Amino acid sequence: EEQGLLREVDGRWNLDGSIEGEPGSWRLRGRLATVQAPDTLLETLKPRLGLLDQEEQELLKRGAFQGPRFLSLVLARMLGRDESEVSSRLEPIQERRLIAFEDVDDWWGDRSDLVAFDPAVLQELVYSRAAVSPRKRREGHRQVAAAFEALVEDVRPRPRQALLAIARH
């Protein structure tokens, strides 16, 4: 859209160009022939992060320490905030299709939202911005482990997923 390849006309999207020919001898016409394509998927996703305000970016950065999927409850513990508030702040990000809420039927499902970066490779981009130095990465992972430990401190037996998460971080 920014490069004029896609245009909205009367509520419908139109492609400025066409693809003609056969495999091995494709010919591009119109704007499609001159548009600059990103070299990597990560470059394609960078502008999507620009749709977020500073607080939303910070939420995703902190969530990215957990991995491609993260628990809103662990994120809330890391931030020292109420889980329902954090979950509410994630909803507009989900509406922009940067994350997705997943349905889980396990110990966490009654306590937390499970949130997945969408697409999962977006986590890599956000994580790289969250922790540039190895020291900051270690600190972020320590915070995740501490949040998981606090969540299951009084739970017996401790959920296997929590123990694995603590060990991983």
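The values are calculated or read from the model by the stated rules, or taken from the named source; none is laboratory data. Values in this document were obtained by computation on a predicted structure and should not be read as measured data. A quick note on method: Cβ atoms are made from the backbone with ideal geometry, for glycine too, and the neighbour counts reach across all protein chains shown. The area values use the complete protein model at the heavy-atom level, side chains included, leaving out ligands, DNA and RNA. Shrake-Rupley method; radii C 1.70, N 1.55, O 1.52, S 1.80 Å.
Per this entry, Asp16 is not counted among residues that are under 30 Å from Ala165 (Cα atoms) and acidic (Asp, Glu).
The set of residues in region 110-136 that are closer than 23 Å to Ser84 by Cβ and part of a loop (DSSP other than H, G, I, E, B) comprises Arg111, Ser112, Asp113, Asp118. Report whether or not Pro92 is in contact (Cβ under 8 Å) with a residue 60 or more places away in the chain, more than 22 Å from Ala167 (Cβ to Cβ) and not aliphatic (A, V, I, L, M). Considered against the rule, which asks whether it is in contact (Cβ under 8 Å) with a residue 60 or more places away in the chain, more than 22 Å from Ala167 (Cβ to Cβ) and not aliphatic (A, V, I, L, M), Pro92 comes out as no. For region 16-52, filtering for residues that are among the aliphatic types (A, V, I, L, M) and without any contact (Cβ under 8 Å) to a residue 60 or more places away in the chain leaves 8. Taking every residue in region 145-160 that is touching a residue at least 60 places away in the same chain (Cβ under 8 Å) and pairing it with any residue that is part of a loop (DSSP other than H, G, I, E, B), at least 6 positions away or on another chain, the pairs with Cβ-Cβ distances below 8 Å are Phe148/His169; Leu151/Arg111.
The number of residues in region 78-97 being touching a Leu at 6+ places or on another chain (Cβ under 7 Å) and over 27 Å from Pro47 (Cβ atoms) comes to 1.
Total residues in region 37-77 satisfying the condition of being of a type in the set (Gly, Ala, Ser) and under 12 Å from the mean Cα position of the chain (by Cα): the figure is 3. Taken together, the criteria place Leu122 among residues that are open to solvent by less than 40 Å² (accessible area, probe 1.4 Å) and under 27 Å from Thr40 (Cβ atoms).
You will find that of Ala167, Ala130, Ala145, Ala116, the residue that is touching a Gly at 6+ places or on another chain (Cβ under 7 Å) and either of a type outside the set (Ser, Thr, Tyr) or open to solvent by 90 Å² or more (accessible area, probe 1.4 Å) (or both) is Ala130 and no other.
Return yes or no: is Leu79 under 16 Å from Leu60 (Cβ atoms) and in contact (Cβ under 8 Å) with a residue 40 or more places away in the chain? No, not satisfied.
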